[in-house]
Amino acid sequence: MIREMARGLKGRISLAAGKTSVKQVAALIEQCDLLVCNDSGLMHTAVAVGTPVAAIYGPTDFRRTAPLGDRHTVIRRELPCSPCFKLEGDDQVQACPHHDCLMTITTDEVLHAITRTRPEGSASRSTSLV
């Protein structure tokens, strides 16, 4: 899946998925102008090394795990059932009949968040897919 996605990107692409240690991935993320990711350890790694984040949230509670600081953007859908994941396990998430919290986030919303989050004057050096 990552190789297929990389074929659609321009510029110098580094495929690092499954090939890096925690320290190596932190070093890669530190070199990025911006990290687009889900609510994950990579998101928190980016915050720790000072890289702005556009984080896509689904069922998890953004109030508990959102990246801290003004340089970061959370992309999420406010629904009557969200957030449904309350740290008790995956049962509630897997029982969801629609997954609208993720399925209704559009690429335009993500691109808008990237534009809003990306540091002024930053030139894209390379893209790493981790």
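The values are calculated or read from the model by the stated rules, or taken from the named source; none is laboratory data. Here the structure is a predicted model, which is why all the values come from computation and not from measurement. Quick reminder, even Gly has a Cβ in these numbers, built from the backbone with ideal geometry, and neighbours come from all protein chains shown.
Which residue, of G58, G41, G8, G50, is over 15 Å from A113 (Cα atoms) and either crowded, with 19+ Cβ neighbours inside 10 Å or among the polar types (S, T, N, Q) (or both)?
Within the list G58, G41, G8, G50, the selection yields G58.
Only one residue in V53, V74, V36 is closer than 20 Å to L111 by Cβ, aliphatic (A, V, I, L, M) and in contact with a Cys (Cβ under 9 Å, 6 or more places away or on another chain), so which one is that?
V53
With out of contact with any His (no Cβ under 8 Å at 6 or more places or on another chain), hydrophobic (A, V, I, L, M, F, W, C) and without any contact (Cβ under 8 Å) to a residue 12 or more places away in the chain as the only criterion, which of A17, A26, A95 stands out?
Just a single option satisfies the conditions, and that option is A95.
For the range 35-83, which positions are more than 11 Å from the chain's Cα centre (by Cα) and among the acidic types (D, E)?
Hits for the range 35-83 are D61, D70, E78.
A quick yes/no check of all residues on (1) outside any loop (DSSP other than H, G, I, E, B); (2) modelled with pLDDT of 85 or more; (3) in contact with a helix residue (DSSP H, G or I) (Cβ under 8 Å, 6 or more places away or on another chain):
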| residue | (1), (2), (3) |
| --- | --- |
| C32 | no, yes, yes |
| C37 | yes, yes, yes |
| A48 | yes, yes, yes |
| P67 | no, yes, yes |
| L79 | no, yes, yes |
| R116 | yes, no, no |
| S122 | no, no, no |
